[in-house]
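The values are calculated or read from the model by the stated rules, or taken from the named source; none is laboratory data. On a predicted model such as this, the values are computed, not experimentally measured, just so you know. Neighbour counts run over all protein chains shown; Cβ positions are idealised from the backbone, glycine included.
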Amino acid sequence: MDLFEIIAQKRAHLQRLANTNGALGEQGAVFAMQTWLPRPKGVALKALLAALAETGIHIRPSSFDAIAAPAPVDFHDQERLRAQLSDLVFIEIKTANQTRVKPGFAGFFFALTEGEIAAAEALGSRHRVALFNNQTGELLLTSVPEILGRSRSTNWQVSVQL
């Protein structure tokens, strides 16, 4: 086996195991659902988090990827935003790109961050996890407790930044 064959095998291995297109998968899931909005940015995100904080709910901005809203949301109108808050469902999207993931997401390996778990606890039924298979288009709307109850294994880890 020469050096080019080794490199080609390594690339194939990385392509098979790595999820480098998570953000694109999230966009695909949001696009597929008509009532979902991507997580707001900037001033709109700050307004949303402030409105949540007024109700005693404190979550990290990165703890959700989308919002399911039954009606258009104006993040710049604080009064209307507060009125709509109880109707909003915060969605964390996990995308599968591997062909080994079976229907119903059997074999899907992914991570839930501390912030995502804390948001699920704080928001209760207003927090969902969307599993989206980029290969097949399958979407499963579930919750952190349902995922943990269904898990075949869990591996806890600590992430650090130095």
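The table below lists the values:
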quantity	calculated
Filter pass, Thr142 being more than 24 Å from Thr55 (Cβ to Cβ) and polar (S, T, N, Q)	yes
Selection status of Leu24, within 28 Å of Leu140 (Cα to Cα), in a helix (DSSP H, G or I), out of contact with any Asp or Glu (no Cβ under 9 Å at 6 or more places or on another chain) and modelled with pLDDT under 90	yes
Segment 137-154 residues that are free of Cβ contacts under 8 Å to residues at least 40 places away in the same chain and more than 12 Å from Ser125 (Cβ to Cβ), paired with ones that are surrounded by 10 or more Cβ atoms within 10 Å (Cβ to Cβ) and of a type in the set (S, T, N, Q) (beta carbon under 9 Å, 6 or more apart)	Leu140/Asn133; Arg150/Thr142
Residue among Leu48, Leu81 that alone is within 17 Å of His127 (Cα to Cα) and either free of Cβ contacts under 8 Å to residues at least 40 places away in the same chain or surrounded by 16 or more Cβ atoms within 10 Å (Cβ to Cβ) (or both)	Leu48
Number of the condition not met by Phe90 [criteria: (1) under 18 Å from Glu138 (Cα atoms); (2) aromatic (Phe, Trp, Tyr); (3) in contact with a Leu (Cβ under 6 Å, 6 or more places away or on another chain)]	(1)
Those residues of segment 84-102 which are buried (at least 19 other Cβ atoms within 10 Å of the Cβ) and of a type in the set (A, V, I, L, M), in sequence order	Leu88, Ile91, Ile93, Ala96, Val101
Helices (runs of 4 or more DSSP H) enclosed by segment 37-124 - at least 3 residues per element that are over 22 Å from Ile147 (Cα atoms), small (Gly, Ala, Ser) and at pLDDT 95 or above	42-54
Top-ranked residue of segment 127-145 - restricted to ones that are part of a loop (DSSP other than H, G, I, E, B) and more than 17 Å from Trp36 (Cα to Cα), ranked as modelled with the highest pLDDT	Thr136
Considering residues of segment 51-73 that are more than 30 Å from Glu138 (Cα to Cα) and without any contact (Cβ under 8 Å) to a residue 24 or more places away in the chain only, the residue surrounded by the fewest Cβ atoms within 10 Å (Cβ to Cβ)	Gly56
